[in-house]
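Participant: Input: one structure, supplied below.
The values are calculated or read from the model by the stated rules, or taken from the named source; none is laboratory data. Just so we're clear, the structure is a prediction, and the values are computed from it rather than from any experiment. When we count neighbours, we look across all protein chains shown, and the Cβ atoms used for this are built from the backbone with ideal geometry, even at glycine. The accessibility values were calculated without ligands, DNA or RNA, using every heavy atom of the protein model including side chains. Shrake-Rupley method; radii C 1.70, N 1.55, O 1.52, S 1.80 Å.
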Amino acid sequence: MTYELSTDREFDLIAIGRACIDLNAVEYNRPMEETMTFSKYVGGSPANIVIGSSKLGLKAGFIGKIADDQHGRFIESYMRGVGVDTSNLVVDQEGHKTGLAFTEIKSPEECSILMYRQDVADLYLSPEEVNEAYIRRSKLLLVSGTALSKSPSREAVLKAIRLAKRNDVKVVFELDYRPYSWETPEETAVYYSLVAEQSDIVIGTREEFDVLENRTEKGDNDETIRYLFKHSPELIVIKHGVEGSFAYTKAGETYRGYAYKTKVLKTFGAGDSYASAFLYALISGKGIETALKYGSASASIVVSKHSSSDAMPSVEEIEALIEKDETITIA
């Protein structure tokens, strides 16, 4: 089954939310206390997704706020350099800084992220800085969960969703749950469910859907889709790690994608690369089943490399891995 989108729009995808700096440990297999060198990359889920999408050939744009400093200029320059439209990337004038994420790679199974997110520029994007004419030019608007965690970013995203729906732009909600961004699980569930109910496509891990539903134990996919299909969503993608991912349509179809075998270096970056390739395949008319393969293959490639944004693969790399057909099958 293919997914129908408007064909008369300039942009395939516009994302709104955070763009920050990733500082990934150069020295592997040691704790951060002993790590002395880090490499700098653009980070932040929605930024990574549009970077990945642009590298795959989509016309992508970004709405966000960056600091008026060296890090902010690096983010804008890198995104523009890979083909992302940055005309709606606002420069903060109130002294807020760029968010930083230091990563620790103790082993392929033991990775952690140390975040500096106090008063960061991306959470100060205001509703007044969201332009309806810009959103109207896109087929899809992608929002991510972290941007909902604080005001005024929260209201800016809610305004963007309202403008998208008014202009027949499909809304994609990438759950992107980061617990350190939120005050309480109840607060998270309120805003996640509010946005999920208004979205056309919802993508996340099983654990993130449990957060959306404010569950303390692992939830059930059937219960999740029964709830969400009472509202706006037409397509729901639930990821289960090495067990693969499932896509459900409002019309009743279910599709399963399998994870691809790879030599894992780190655990972070998989979700963003998955989303960028899944949406690329969907927008390109390849169908939902193929989109699951593209998402899984892209995630497998990125977790085998050092960065997230810089490691986003080409179409040729993704298709080569799919053609090898080396998946992980777990009953």
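Participant: For the stretch 206-263, list the strands (runs of 3 or more DSSP E) that sit wholly inside it and hold at least 1 residues that are touching a Phe, Trp or Tyr at 6+ places or on another chain (Cβ under 9 Å) and surrounded by fewer than 17 Cβ atoms within 10 Å (Cβ to Cβ); which are they?
Facilitator: Where strands (runs of 3 or more DSSP E) fall fully within the stretch 206-263 and carry at least 1 residues being touching a Phe, Trp or Tyr at 6+ places or on another chain (Cβ under 9 Å) and surrounded by fewer than 17 Cβ atoms within 10 Å (Cβ to Cβ), they are 254-257.
Participant: Another one. Do we find that Tyr3 is within 21 Å of Val315 (Cβ to Cβ), of a type in the set (Ser, Thr, Tyr) and at pLDDT 95 or above in this structure?
Facilitator: For Tyr3, the condition - within 21 Å of Val315 (Cβ to Cβ), of a type in the set (Ser, Thr, Tyr) and at pLDDT 95 or above - is not met.
Participant: Given (1) under 24 Å from Ser112 (Cβ atoms); (2) among the polar types (S, T, N, Q); (3) assigned to a helix (DSSP H, G or I), where does Thr290 come up short, assuming only one miss?
Facilitator: Unmet for Thr290, out of (1) under 24 Å from Ser112 (Cβ atoms); (2) among the polar types (S, T, N, Q); (3) assigned to a helix (DSSP H, G or I): (1).
Participant: List every residue pair whose Cβ atoms sit under 8 Å apart, with the two residues 6 or more apart in sequence or on different chains, where the first one lies in the stretch 146-159 and is open to solvent by 10 Å² or more (accessible area, probe 1.4 Å) and the second, anywhere, is in a loop (DSSP other than H, G, I, E, B).
Facilitator: Qualifying pairs under 8 Å: Pro152/Leu125; Pro152/Ser126; Glu155/Ser126; Lys159/Val130.
Participant: Hey, another quick one. Please determine whether any residue of the stretch 71-81 is open to solvent by 20 Å² or more (accessible area, probe 1.4 Å), part of a loop (DSSP other than H, G, I, E, B) and of a type outside the set (Gly, Ala, Ser).
Facilitator: No: zero hits.
Participant: Sticking with this one: List every residue pair whose Cβ atoms lie under 8 Å apart, where the two residues are 6 or more positions apart in sequence or sit on different chains, the first residue falls within the stretch 187-204 and is touching a residue at least 24 places away in the same chain (Cβ under 8 Å) and under 22 Å from Leu279 (Cα atoms), and the second residue, located anywhere, is of a type in the set (S, T, N, Q) and not in a helix (DSSP H, G or I).
Facilitator: So the pair list comes out as Glu197/Ser232; Gln198/Ser232; Ser199/Ser232; Asp200/Ser232.
Participant: Step by step: first the residues of the stretch 1-19, then only those that are under 15 Å from the mean Cα position of the chain (by Cα) and not in a loop (DSSP other than H, G, I, E, B), then the one that is surrounded by the most Cβ atoms within 10 Å (Cβ to Cβ). Which residue is that?
Facilitator: Among them, the one singled out is Ala15.
Participant: Something else about it: For the stretch 30-39, does any single residue satisfy the condition of being in contact with a helix residue (DSSP H, G or I) (Cβ under 7 Å, 6 or more places away or on another chain) and either over 15 Å from Ala101 (Cβ atoms) or assigned to a strand (DSSP E or B) (or both)?
Facilitator: no
Participant: Next question. Report, by residue number, each residue of the stretch 293-324 that is basic (Lys, Arg), part of a helix (DSSP H, G or I) and more than 14 Å from Phe278 (Cα to Cα).
Facilitator: Of everything in the stretch 293-324, just one residue is basic (Lys, Arg), part of a helix (DSSP H, G or I) and more than 14 Å from Phe278 (Cα to Cα), namely Lys324.
Participant: Of the residues that make up the stretch 20-27, is at least one on the phi < 0 side of the Ramachandran plot and part of a helix (DSSP H, G or I)?
Facilitator: So far as the stretch 20-27 goes, no, none of its residues is on the phi < 0 side of the Ramachandran plot and part of a helix (DSSP H, G or I).
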